[in-house]
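Presented below is the structure to which this report refers.
The values are calculated or read from the model by the stated rules, or taken from the named source; none is laboratory data. Small disclaimer: the values here were computed from a predicted structure and weren't measured. Here Cβ is always computed from backbone atoms with ideal geometry, including for glycine, and neighbour counts include all displayed protein chains. Heavy atoms of the whole protein, side chains included, go into the accessibility calculation; ligands, DNA and RNA do not. Shrake-Rupley method; radii C 1.70, N 1.55, O 1.52, S 1.80 Å.
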Amino acid sequence: MQNDEVASIFREIAMMLELRGENFFRIRAYERAARVIEEAGFEVIRATEGQLSALPGIGNDLRKKIEELRRSGECALHRKLRAEFPHGIFEMLAVPGLGPKTVQRLYRTRGIDSLNALQRAAESGQLRTVEGIKSKTEQNILRGIELIRAQAQVIPPWTARETAVRAQEYLKCCAGMARVHIAGSLRRRRSTVHDIDLVAAGKDPAQILREWRRAPWIKEVIAEGETKSSVRTTEHIQVEVRAVLPHRYGAALLYFTGSKQFNIRIRQEALRKGMKLNEYGVSALSRSAAAGRMNAAAEREETMFAALNLPWIPPELREDKGEVEAARRGSLPQLVGPEQIRGDFHVHSSYSDGQSTISEIAAAAQETGYKYIGICDHSQGLRVASGLTREQVLKKKKEIASLQSRFHIRILCGTEVDIRADGSLDYPDEVLEEFDLVIAAVHSGFSQSRVQMTRRLVSACRHPKVHILAHPTGKLRGAREECEMDFKEVTAAAARHRVALEINSFPHRLDLDESRARQAGEAGVKLAISSDAHRHADLNVLSYGIDIARRGWLEANQVLNCMSWAEVQQWKRG
Ligand code: DGT
């Protein structure tokens, strides 16, 4: 049993206790324990008594529950609570904005006990007849259900990469294997991946697939043939492998990288140039051209593009969003890459709701090769995230000053200051003056009207101390949509006042997304790619933000953290 499984059992216990209306502190204890277990850094199920007791918030009772899980794979309390509620209740609890009290009421008074029943009741307008539910809430519930359904099909990005790399490594060892590459949406670095695609080349494709199907983590073969195998792994992830002869590898990789819209577009481009393109190669429409030359093109992706008289198009751009035209004109962007990133502005330390000390974060950032690291803890008003008072800010500043000489990277004393409902910031100006770096963000009041929210964000951009607007749309993957606002007006204000918009790389946020990032870039706004890490070990999530930036056509000169800290200060001064 892995940590996330133990954590999810504790989280369910917390939810069920809440459904029962039990003691607040008992509920919070299970929720806190779930978080601590997820971030423990070792497998709690195998841990010693001493290791468990050293974890914050894991007292005797919770430690015994973990030991019970180790012994029996089960927890009696969990099983008992589970039996009290129908399974569908848990699906309902996942609907954004639907708390345990309302779920309980819907179940007890109306017998609504599943997502489907909830959807039917909302669609027929019955929910609004329940006490405490307005027609707007009913609409929000329907949107929430849609969001959950869409999210259920998506493989989390870290799982997708891990599964794909494991499959690739296995295939590399198959007899006669010449080349193997990850394809599909994962190669295009989409944040929503539904299945894993790989293209393999060798002199005996059928033999490669026979060997592939023997991989120990394959649970079920869905479809198989001489050139294609579709399987489901033990983690229920669908993996598609296409095996081809080496001289067809480039054509197959191009085709199975997609996207489908890009494939259609590039086929049209071939036709325009008197050629025919498919997953086997590219050939002249007229028979006069030498077939051999065309076959040679099919061996590598670069030569496929060259045959069409185009430069190689980075997979991240292959969405039919103008990239073929840009390639034809010779104006493809020089996409930002990880090697150009000089630092991370947005990391939380144990001063607020982070798990790592400033020293641990600085050491990890230095190890990553960064030149600076922004320690941006929450501001005073955000009590749930242990926001810092003025006194704590001064203490943190002092600690940073004393730590600085131990590191050769710059440690920036920063804040993620809350933007209040009226657009003012959660620290007075004299406290903001204490910081090297100010990131402003909305953390509540997301249901404000479009006009109010736009005004709120624009007003934050106007504040002369603000460098970055964090997670600008407030979106949470699978849980909350973008808030209502005039994005164009916000980008115009950001450009005017030299405020960068954040691409928040944390997998549950990924905000801005690629189309917003591209829009902002085109409006002349700088983008800051941040990890929003709450543990030093999570600095590497920044790679998801880089994927978004690349898919948003961004070049290094548009990215704030590709600048040196001196350049950032100069940019802010204007
Ligand atoms: P997904 O499944 O949402 O993760 O996205 P993809 O892009 O990986 O799509 P997938 O796995 O269905 O197929 C892999 C690639 O194969 C896709 O990106 C383009 C190509 N492909 C699949 N079906 C078609 C099709 O009907 N027409 C064309 N032109 N290409 C296709």
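Can you give me the three principal axis dimensions of the stretch 338-573 from its C-alpha atoms, in Å, biggest first?
Cα extents, longest axis first: 46, 37, 37 Å.
May I ask you to give the solvent-accessible area per residue for the stretch 1-72, in square angstrom, as obtained with a 1.4 angstrom probe?
Value for the stretch 1-72: 53 Å² per residue.
So how do M453, M1, M275 rank on accessible area, 1.4 Å probe, biggest first, that is with the largest at the start?
These residues rank, largest area first, as M1, M275, M453.
In units of 2.2 N^0.38 Å, what is the alpha-carbon radius of gyration of the stretch 1-72?
The reported ratio for this selection is 1.03.
As an exercise, use a Förster radius of 22 Å and the Cβ-Cβ distance of Q570 and R496 to find the FRET efficiency, rounded to the nearest 0.05.
Given R0 = 22 Å and the Cβ-Cβ separation, E is 0.80.
Under a plain spin-label model, where a point goes 7 Å from the Cα along Cα-to-Cβ, how far apart in nm are I222 and N60?
Label-label distance for I222 and N60, simple model: 5.1 nm.
Averaged per residue, what accessible area in Å² does the stretch 157-244 show with a 1.4 Å probe, protein chains only?
45
Leaving out ligands, DNA and RNA, what percent of the accessible area of the chain is carbon and sulfur, probe 1.4 Å?
48
Pairs K371/K572; K203/K273; K475/K572; K526/K572; K101/K136; K371/K465: which exceed 20 Å Cα-Cα?
Correct reply: K203/K273; K475/K572; K371/K465.
Evaluate Rg over Rh across the stretch 249-329, taking Cα atoms for both radii and Kirkwood's formula for Rh.
Radius of gyration over Kirkwood radius for the stretch 249-329 works out to 0.93.
For the stretch 157-244, build the convex hull from the C-alpha positions and give me its volume per residue in Å³.
Looking at the stretch 157-244, the number lands at 75 Å³ per residue.
Between A150 and R210, what length in nm is gained on full extension when 0.36 nm per residue of separation is reduced by their alpha carbon distance?
Length gained, A150 through R210: 18.2 nm.
Tilt of helix 24-38 relative to the longest C-alpha principal axis of the chain, in degrees (0 to 90, nearest 10)?
30
If you line up the Cα atoms of the chain on their principal axes, what length do they span on each, largest first, in Å?
Computed over the chain, the largest-to-smallest principal extents equal 79, 62, 54 Å.
Can you tell me how much longer the chain between F407 and E522 gets when fully stretched, taken as 0.36 nm per residue apart minus their C-alpha distance, in nm with one decimal?
37.7 nm
The stretch 376-436: D in µm²/s via Stokes-Einstein (Kirkwood Rh, Cα pairs, 37 °C, 0.692 mPa s)?
269
Which Cα, out of T159, A14, V324, lies furthest along the positive dipole direction of the chain (beta carbon charges, K/R +1, D/E -1)?
V324
³J(HN,Hα) across the stretch 142-158 via Karplus (A = 6.51, B = -1.76, C = 1.60, θ = phi - 60°), whole Hz, x for Gly/Pro?
So the Karplus estimates, Gly and Pro as x, are 5, 5, x, 4, 4, 4, 5, 5, 5, 5, 4, 7, 8, 8, x, x, 5 Hz.
Would you rank H346, H497, H508 by solvent-accessible area, highest first, keeping every protein chain in place and using a 1.4 Å probe?
In descending accessible area the options line up as H508, H497, H346.
Could you state, as a whole-number percent, how many of the C-alpha pairs of the stretch 114-213 are farther apart than 25 Å?
When every Cα pair of the stretch 114-213 is considered, 48 percent fall beyond 25 Å.
Rolling a 1.4 angstrom probe over the protein heavy atoms, how many square angstrom per residue are accessible across the stretch 249-329?
Accessible area per residue: 48 Å².
Hey, can you grab everything whose amide H is under 5 Å from the amide H of V193? Only 5+ residues off in sequence or another chain; H modelled, so Pro and N-termini drop out.
I155
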